[in-house]
Amino acid sequence: MTKTVIDVSQFNGTIDWAKVRSGGVDAAIIRAGYRGYGTAGTLVTDPMLKANIKAATDAGIPVGVYWLS
């Protein structure tokens, strides 16, 4: 069985999750954050993380998260 899973982050802007669900998406992998550049390597949370998780789950889309490093 093939599943359609999308990868989203702040760069996708505000997502219409109901439309995503009706478009046949089965799940979403959401970027939690990333390690910044330079010697400090600051950890940065994706500013859309909480909004994307809430909106996706409210639309009935299962989510997973990842950290980009």
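Quick notes
- Comparing mean-square fluctuations of Asp26, Asp46, Asp58 from a GNM of the chain with C-alpha springs under 10 Å, the top value falls on Asp58.
- Modelled spin labels at Ile29 and Thr57, positioned 7 Å past Cα toward Cβ, are 2.0 nm from each other.
- Accessible surface for the chain, divided over its residues, is 67 Å² per residue with a 1.4 Å probe.
- Reduced Cα scattering model of the chain, Debye log10 I(q)/I(0), q = 0.16, 0.26 Å⁻¹: -0.54, -1.12
- Charge context of Val44, other residues only, Cβ under 11 angstrom, K/R +1, D/E -1: +1
- Between Ala55, Ala28, Ala40, the GNM of the chain built on Cα springs shorter than 10 angstrom shows Ala40 fluctuating the most.
- Counting 0.36 nm for each residue step from Thr14 to Leu68 and taking away their Cα separation leaves a gain of 17.4 nm.
- With all protein chains in place and ligands, DNA and RNA left out, the 1.4 Å accessible area ranks Arg35, Arg21 as Arg35, Arg21, largest first.
- Summarising the label geometry, the points placed 7 Å from Cα in the beta-carbon direction at Arg21 and Ile6 lie 1.3 nm from one another.
- Beta bridges by DSSP in the chain, antiparallel share as percent, to the nearest 5: 25
- Whole-percent carbon and sulfur share, accessible surface of the chain, 1.4 Å: 58
- For the set Leu68, Leu49, the ranking by accessible area, highest first and with no ligand, DNA or RNA atoms included, is Leu68, Leu49 under a 1.4 Å probe.
- Residues whose amide H lies under 5 Å from that of Met48, counting only those 5 or more places away or on a different chain, are Gln10; hydrogens are built 1.01 Å from N in the peptide plane.
The values are calculated or read from the model by the stated rules, or taken from the named source; none is laboratory data. Because the structure is a prediction, the values reported are computed rather than measured. Here Cβ is always computed from backbone atoms with ideal geometry, including for glycine, and neighbour counts include all displayed protein chains. We work out accessible area using only protein heavy atoms, side chains counted, and drop any ligands, DNA or RNA first. Shrake-Rupley method; radii C 1.70, N 1.55, O 1.52, S 1.80 Å.
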